[in-house]
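I have placed the structure first, in the form of structure tokens, so that the comments after it can refer back to it.
The values are calculated or read from the model by the stated rules, or taken from the named source; none is laboratory data. Owing to the predicted nature of the structure, the values given are computational and were not obtained by experimental measurement. Cβ sites come from the backbone with ideal geometry, for glycine too, and all protein chains shown count toward neighbours. Ligands, DNA and RNA are stripped out before the accessible areas are found, and what is left, the full protein with its side chains, is counted by its heavy atoms. Shrake-Rupley method; radii C 1.70, N 1.55, O 1.52, S 1.80 Å.
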Amino acid sequence: MYRNIFNVMCITAIILFTISPARAITYGEPDTENMFSNVGSMIIQLPDGEYMPFCSGTLIDDDIVLTAGHCIQPLINSGITDLWVTFDPVISSESSLIPATYVINSDYSQRQNDPGDIGVLILDSPASNFFPGITPAELPTLELLDELVIQNGLHGTTFICVGYGLQEPSFGGGPPTFGPSGERRFSYSEFRALNKAFIRLSQNPATDDGGTCYGDSGGPIFLDVDGPLILVALTVTGDTMCRATNVDYRTDIESARSFLADFVDLP
């Protein structure tokens, strides 16, 4: 059986003891038309035998799913090896689960300049065997975002955040509560800043921006580059109340590409 998504954060703290903040979609909408069919959810099995959605990821080859390194490290620390991926837009007990194994970037650390926060899930069989018609997302060329900054500054550019997990907080009558999820959702965030390893996006609802929140690290950040959507970053962290900044690890930098080159052909 699936663990109730409302209990995800409490269970994670109890089972894994320590974990970096996981992120999900806020101020967005459900992917009811399956536009982002190559975005999936990592499912883990807890010691009591129950299943739980844990992080998100994106199919980048027939059997390779990109996710965040800090989604994998707690599993290694806790000895959790049973792992699956589903690309169902709404997770349920009827979801198709593909067995997978994980590989974390050997350079993953807590360095501020470049934490190497990236990993992959290797599916036991191609995703298309379970989800006909699914196609991998397109990765960026080397330093694509730097080139775009030089060309137009990226100011005012909108990025698309996709993932599964808890929704934006509600306030009033006590501590804030975060809405349920367990379904694939997407939202739009405007560019704020770029540095060596990260891109920072606004997720302030007062400026009509959505973003990410608890429950979905590893999900993709897409950018429309002259037509195709390019997976330019993956969600890693943000502010506590999910109302200011979405901080994402770039996939176009040399360190990320060096890790990914062992698993996929890079553009």
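Points to keep in mind about this one:
- Checked against the criteria, Pro47 does not count as within 27 Å of Ser189 (Cα to Cα), of a type outside the set (A, V, I, L, M, F, W, C) and either modelled with pLDDT under 95 or out of contact with any Gly (no Cβ under 8 Å at 6 or more places or on another chain) (or both).
- Note on the stretch 95-141: among residues that are acidic (Asp, Glu) and outside any strand (DSSP E or B), the one that is nearest to the chain's Cα centre (by Cα) is Asp117.
- In the stretch 191-225, residue farthest from Val103 (Cα to Cα) [restricted to those that are modelled with pLDDT of 90 or more and surrounded by fewer than 20 Cβ atoms within 10 Å (Cβ to Cβ)]: Arg192
- Against the criterion of being modelled with pLDDT of 95 or more and surrounded by fewer than 18 Cβ atoms within 10 Å (Cβ to Cβ), Asp239 does not qualify.
- For the stretch 242-260, the candidate set comprises residues that are open to solvent by less than 10 Å² (accessible area, probe 1.4 Å) and closer than 25 Å to Glu147 by Cα; within that set, the residue that is modelled with the lowest pLDDT is Asn246.
- Members of the stretch 99-116 found to be in contact (Cβ under 8 Å) with a residue 24 or more places away in the chain and of a type in the set (D, E, K, R), listed by number: Asp107, Asp114
- Filter result for Asp88 (charged (D, E, K, R), surrounded by 15 or more Cβ atoms within 10 Å (Cβ to Cβ) and closer than 24 Å to Tyr249 by Cβ): no
- Selection status of Asp48, acidic (Asp, Glu) and either buried (at least 21 other Cβ atoms within 10 Å of the Cβ) or closer than 22 Å to Pro126 by Cβ (or both): no
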